[in-house]
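Peer 1: Could you have a look at this structure, given as structure tokens, before my questions?
Derivation of every value follows stated rules applied to the coordinates shown; laboratory data play no part. Just so we're clear, the structure is a prediction, and the values are computed from it rather than from any experiment. Here the Cβ is made from the backbone with ideal geometry for all residues, glycine too, and neighbour counts use every protein chain on show.
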There are 2 protein chains.
Amino acid sequence: MERKKRMCEANAYMIDGENKTLVMESVDIIEPEGEKLRLENIFGEQKFIKARIHSLAFNDHQINLVALS
Amino acid sequence: MERKKRMCEANAYMIDGENKTLVMESVDIIEPEGEKLRLENIFGEQKFIKARIHSLAFNDHQINLVALS
């Protein structure tokens, strides 16, 4: 039986040591765009951030980013 | 109304130019572990890969990794 895959519902956070700041909810796409990351959510909204993807924890619906200096 | 968040069902691929190789299905966690990435799927299986997270495309259920030399 084929199981239909479900959409992800993950939020992107910027982490800085112990601190964690929500950057975007319900993120759908993250991809490099020049020196930045382009984030797009399920509503089609975009953000461009100078960061890299640090880690993913889908059990907590979290995408963690770290700033690039 | 609060909407319950759904689990992600994303697969991790290693990209190399035009080529794309499936590394792990139903990935739950990706995090740095020393010089490698630790991937864990929803079944608790683990892989350690010398790579970084390149991009995410949840609309296609894809996590794209690139190898670190």
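Peer 1: Filter the cross-link list A:K47/B:K36; A:K47/B:K50; B:K20/B:K47; A:K50/B:K50; A:K36/B:K47; A:K50/B:K36 down to pairs whose alpha-carbon distance in this structure exceeds 26 Å.
Peer 2: A:K47/B:K36; A:K47/B:K50; A:K36/B:K47
Peer 1: Calculate the mean, over all residues of peptide B:53-65, of how many other protein chain Cβ atoms lie within 10 angstrom of the residue's Cβ.
Peer 2: 6
Peer 1: While we're on this one: If we count every other residue with Cβ under 10 angstrom of A:L37's Cβ, Lys/Arg +1 and Asp/Glu -1, where does the sum land?
Peer 2: Residues close to A:L37 contribute a combined charge of +2.
Peer 1: From the C-alpha gyration tensor of the protein assembly as shown, pull out the three semi-axes of the equivalent ellipsoid (sqrt of 5λ each), sorted largest to smallest, in whole Å.
Peer 2: In descending order, the three semi-axes are 20, 20, 15 Å.
Peer 1: Note down the net charge around B:I49, summing +1 for each Lys or Arg and -1 for each Asp or Glu among other residues with Cβ under 14 Å from its Cβ.
Peer 2: In short, -1.
Peer 1: Mind running the shape call on the stretch B:6-63? Use the C-alpha gyration tensor, a ≥ b ≥ c as the square roots of the eigenvalues: rounded below 1.5 for a/c, prolate if a/b tops b/c, oblate otherwise.
Peer 2: It is oblate, given that a/c is not under 1.5 and a/b is not larger than b/c.
Peer 1: Looking only at the protein assembly as shown, where both bridge partners belong to it, what percent of the DSSP beta bridges are antiparallel (to the nearest 5)?
Peer 2: Taking every DSSP beta bridge with both residues in the protein assembly as shown, the antiparallel ones total about 85 percent.
Peer 1: Hey, in the GNM for chain B with a 10 angstrom Cα cutoff, which one of B:E33, B:E18, B:E45 fluctuates hardest?
Peer 2: Among B:E33, B:E18, B:E45, the largest mean-square fluctuation in the Gaussian network model of chain B belongs to B:E18.
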